[in-house]
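J.: Right, I'll just put the structure down here and ask away after.
Just so you know, all these numbers are worked out from the coordinates, no wet-lab data involved. What you are looking at is a predicted structure, and each value in this text was computed from that prediction instead of being measured. FYI the Cβ positions are ideal-geometry reconstructions off the backbone, even for glycines, and counts take in every protein chain you see.
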Amino acid sequence: MAKELTPDSYFSNIPEPMATVAAGLRSLVLGADRDLREVIKWGSPVYERNKQVIWIKAHSKHLTFGFFRGVELADPEGLLEGTGKAMRHLKVRSPETAAQQSVRDLVNAALQLDG
């Protein structure tokens, strides 16, 4: 029987240097709202409160940091990518990007949309 994937096991299996970047993003999101739930959906960590708000997906050279209602977010620096009806994401390749105020602003705005 396969072991159930948990957020902790997901993050512990990300190799460096992306593990450091992932830890920074995870800390940013969880620190933004103590009522967020961190769950695994579609094989990746998803952060939800009333609805799904943010997801993180690890790749070998970047992390996809996604917003379920990203199309509604103000993005003055043009960080967000995507063409779907609702979701947008950015590719995070360094701890410096994860620590930018503009990324924090996106997280806070996404949480405000969730009520």
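J.: What distance in nm separates the two pseudo spin-label positions at Ser9 and Ser102, each 7 Å out from Cα along the beta-carbon direction?
T.: 3.7 nm
J.: For a quick check of your reading of the filter: which GluC sites (Glu not before Pro) in region 46-115 sit in a DSSP loop and have no more than 16 other Cβ atoms within 10 Å?
T.: Glu77
J.: Next question. Is it possible to state the helix-based mean residue ellipticity at 222 nm for the chain, with each DSSP H run of 4+ residues giving -39500 (n - 2.57), the sum divided by total residues, to the nearest 500 deg cm²/dmol? What is it?
T.: When only DSSP H runs of four or more count, the value is -9500 deg cm²/dmol.
J.: Could you tell me the number of lysine pairs in the chain with C-alpha atoms less than 15 Å from each other, where the two lysines are 8 or more residues apart or belong to different chains?
T.: Count of close lysine pairs: 4.
J.: What is the distance in Å between the Cα centroid of region 94-115 and that of region 54-74?
T.: If you average the Cα positions of each part, the centres end up 10 Å apart.
J.: Which angle between 0 and 90 degrees, to the nearest 10, do you get for helix 101-113 versus the longest principal axis of the chain when only C-alpha atoms count?
T.: Around 80 degrees separate the two axes.
J.: Here's another thing I want to ask about it. Report the label-to-label distance for Ser27 and Arg93 in nanometres (one decimal), using points 7 Å from each Cα along the Cα→Cβ vector.
T.: 2.3 nm
J.: Report, to the nearest 10°, how far helix 18-32 tilts away from the longest principal axis of the Cα atoms in the chain, using its own Cα long axis and a range of 0 to 90°.
T.: Rounded to the nearest ten degrees, it is 60.
J.: Let me ask something additional. At R0 = 22 Å, how high is the FRET efficiency between Lys61 and Leu113 if r is their beta carbon distance? Nearest 0.05 is fine.
T.: After rounding to 0.05, the efficiency reads 0.15.
J.: Sorted from fewest to most neighbouring beta carbons within 10 Å, what does the list Ser12, Ser94 look like?
T.: Ser12, Ser94
J.: Next question. What spacing in nm lies between the two simple spin-label points modelled at Asn50 and Lys85, each 7 Å away from Cα in the Cβ direction?
T.: 2.0 nm
J.: Something else: Let me know the shape class of region 5-82, please: from the alpha-carbon gyration tensor, a ≥ b ≥ c as square roots of the eigenvalues, rounded when a/c is under 1.5, otherwise prolate if a/b is greater than b/c, or oblate.
T.: It comes out oblate by the Cα gyration axes.
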